[in-house]
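K.L.:
Sharing a structure below in structure tokens format, with a few things to ask.
The values are calculated or read from the model by the stated rules, or taken from the named source; none is laboratory data. Not measured: the values here are computed from a predicted model. Cβ placement follows ideal geometry from the backbone for every residue including glycine, while neighbour counts extend to all protein chains displayed. The protein model used for the area step is the full one, side chains on, heavy atoms only, and it has no ligands, DNA or RNA in it. Shrake-Rupley method; radii C 1.70, N 1.55, O 1.52, S 1.80 Å.
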Amino acid sequence: MTGTLPSAVGDALIEGNENFFAVITNPTGLLGVKDGIATTTIVDQTKFGLVLLDENGHLFDGKEIAENAGVLTFSAKLVLMDANGNFLDANGNITTDPAKFVEVKSNAPLEFDLSYHNGSGDAATHLKDYTGDTYLRFDAGQSSGTFTVTIHDDDLSEGKEAFNITATIS
């Protein structure tokens, strides 16, 4: 037995796979089909990424800060991406303009583990030069969040130091 169903409508929700049921009653013909329930699964194909934005809403790609800067607050957003990791606008076109990114929301809480790595060259040392939050959580329906990194002023005469942050979905 075959049939055609309207295609599922794409959305910007991270919701996991969804099921729907078709109840078959009183079939006719020579198909040998009995009453029953058919289950169909819609596979969620929403691809998303996590971007960091600076205080002006631009993509954060590192910046110089004073060693006595204290606490830095990072803004993070869940955004729509294609299968190759490119950011998409509302029309499905690739964009690098954060103002055109499509924010996505999760139907359930979503958490990222944050890990910190010493940078290359004159590397900052984790726990000595800086410490940071260890997770970033998005509650159901949220598309943005923040986390903090504290820069420690150690009074040593050092050159520029760098560190990296990795976010991994829990």
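K.L.:
Around Leu114, what is the net charge, scoring Lys/Arg as +1 and Asp/Glu as -1 over all other residues with Cβ under 11 Å from its Cβ? Intermediate results must be reported in sequence, preceding the final value.
P.N.:
On the way: positive: Arg137; negative: Glu111, Asp113, Asp133.
Net of charged neighbours comes to -2.
K.L.:
Right, something else. In region 84-170, with Lys and Arg counted as +1 and Asp and Glu as -1 at Cβ, which of these residues, Asn93, Phe112, Thr148, has the Cα nearest the positive end of the dipole, that is, farthest along it?
P.N.:
It is Asn93.
K.L.:
Please list, ordered by chain and number, the residues whose modelled amide H lies under 5 Å from the amide H of Gly119; skip anything fewer than 5 residues away on the same chain.
P.N.:
Hits under the 5 Å cutoff: Ala124, Ala162, Phe163, Asn164.
K.L.:
I would also like to ask the following. List the lysines whose Cα lies under 28 Å from the Cα of Lys105, skipping any in the same chain that are fewer than 8 positions away.
P.N.:
Result set, ordered by chain and number: Lys47, Lys77.
K.L.:
I would also like to ask the following. Calculate one ³J(HN,Hα) per residue across region 99-108 by plugging θ = phi - 60° into the Karplus curve 6.51 cos²θ - 1.76 cosθ + 1.60, and present them in order as whole Hz with x for glycine and proline.
P.N.:
Each residue's phi maps through the Karplus curve to give 5, 9, 4, 9, 6, 10, 10, 9, 6, 9 Hz.
K.L.:
Could you work out what % of the accessible surface of region 80-122 is carbon and sulfur, using a 1.4 angstrom probe and leaving DNA, RNA and ligands out of the count? Numbers along the way, then the final one.
P.N.:
Values: 1130 of 2550 Å².
In region 80-122, the share of accessible area belonging to carbon and sulfur is 44 percent.
K.L.:
Ordered by packing density, taken as the mean number of other Cβ atoms within 10 Å over each peptide's residues, highest first, how do 106-113, 122-129 rank? Write down the numbers at each step before the final one.
P.N.:
Details: 106-113: 15.6, 122-129: 14.0.
Those peptides, ordered most packed to least, come out 106-113, 122-129.
K.L.:
Right, next: With the cut-off at 1.5 for a/c, could you classify region 56-115 from its C-alpha gyration tensor as rounded, prolate or oblate? Show your work: numbers first, answer last.
P.N.:
Numbers: a/c = 2.58, a/b = 1.56, b/c = 1.66.
The shape class here is oblate.
K.L.:
Could I ask something else about it? Step through the residues of region 155-165 one at a time and calculate ³J(HN,Hα) from phi using the Karplus curve (6.51 cos²θ - 1.76 cosθ + 1.60, θ = phi - 60°), rounding each to whole Hz and writing x for Gly and Pro.
P.N.:
So the Karplus estimates, Gly and Pro as x, are 6, 8, 7, 10, x, 5, 10, 9, 9, 10, 10 Hz.
K.L.:
Sum up the charges of everything whose Cβ sits under 12 Å from the Cβ of Phe101, counting Lys and Arg as +1 and Asp and Glu as -1, but leave Phe101 out. Could the numbers behind the result be given before it?
P.N.:
Values: positive: Lys77, Lys100; negative: Asp89, Asp97, Glu103.
Overall, the nearby charge balance is -1.
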